[in-house]
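The values are calculated or read from the model by the stated rules, or taken from the named source; none is laboratory data. Every value quoted in this text rests on a predicted model; they were computed, and no experiment measured them. Cβ placement follows ideal geometry from the backbone for every residue including glycine, while neighbour counts extend to all protein chains displayed. The area values use the complete protein model at the heavy-atom level, side chains included, leaving out ligands, DNA and RNA. Shrake-Rupley method; radii C 1.70, N 1.55, O 1.52, S 1.80 Å.
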Amino acid sequence: QVQLVESGGGLVQAGGSLRLSCAASGRTFSNYAMGWFRQAPGKEREFVARIRGNGSDTRVADSVKGRFTISRDNAKNTGYLQMNSLKPEDTAVYYCAASSRIVPTIAREYDYWGQGTQVTVSS
């Protein structure tokens, strides 16, 4: 089992920045790819970014490319999502997830999920 706890969400004005953290416990964190997803009210869950277990490869959604950066520190068992130039449409609950697949491509390929952290961007 892997337990994931997100933090760092909050209320920010458009154009501002937040850094989300995902603290992992349980099994060896570096054995798992990590992803970030978000879900806005009335919308489906949306892929945001993912990073391989060793941090060698990352991918971000087109909607956040150039503004969001995913990273991880395996020594601290923590993943991060740096969010810059935030827009009101980024408002959502953000979830981190861990996958035993080397390169997960869809949400159902993630094995473990955190409880989510709310990000609200005001205009």
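For the chain, what does the relative contact order come out to in percent, with C-alpha contacts under 8 Å and a separation of six or more?
35
At 0.36 nm per residue, and after removing the present C-alpha to C-alpha distance, how many nm does the segment from E46 to A75 gain when stretched out fully?
7.6 nm
Within the chain, what whole-number % of the accessible surface is contributed by carbon and sulfur, with the 1.4 Å probe and all protein chains included in the calculation?
Summing carbon and sulfur atoms, their accessible area is 44 percent of the total for the chain.
How large is ³J(HN,Hα) for each residue in region 107-119, as worked out from phi by the Karplus curve 6.51 cos²θ - 1.76 cosθ + 1.60 (θ = phi - 60°), to whole Hz, x for Gly and Pro?
4, 6, 8, 8, 8, 10, 9, x, 8, x, 9, 7, 10
Which FRET efficiency value, to the nearest 0.05, is calculated for I102 and S123 with the Förster distance at 41 angstrom and r the Cβ-Cβ distance?
Between I102 and S123 the formula returns 0.55.
In whole Hz and in residue order, list the ³J(HN,Hα) couplings for region 64-79 that follow from phi through the Karplus curve 6.51 cos²θ - 1.76 cosθ + 1.60, θ = phi - 60°; x for Gly and Pro.
Coupling constants for region 64-79: 10, 4, x, 10, 10, 9, 9, 8, 8, 10, 5, 5, 9, 6, 9, x Hz.
Check Y110: other-chain or 5+ apart residues with amide H under 5 Å from its amide H, H built from backbone geometry?
Sorted by chain and number, the residues that satisfy this come to none at all.
Report ³J(HN,Hα) in whole Hz for each residue of region 37-47, in order, from the Karplus equation J = 6.51 cos²θ - 1.76 cosθ + 1.60 where θ = phi - 60°; Gly and Pro get x.
10, 9, 9, 8, x, x, 10, 6, 4, 10, 5
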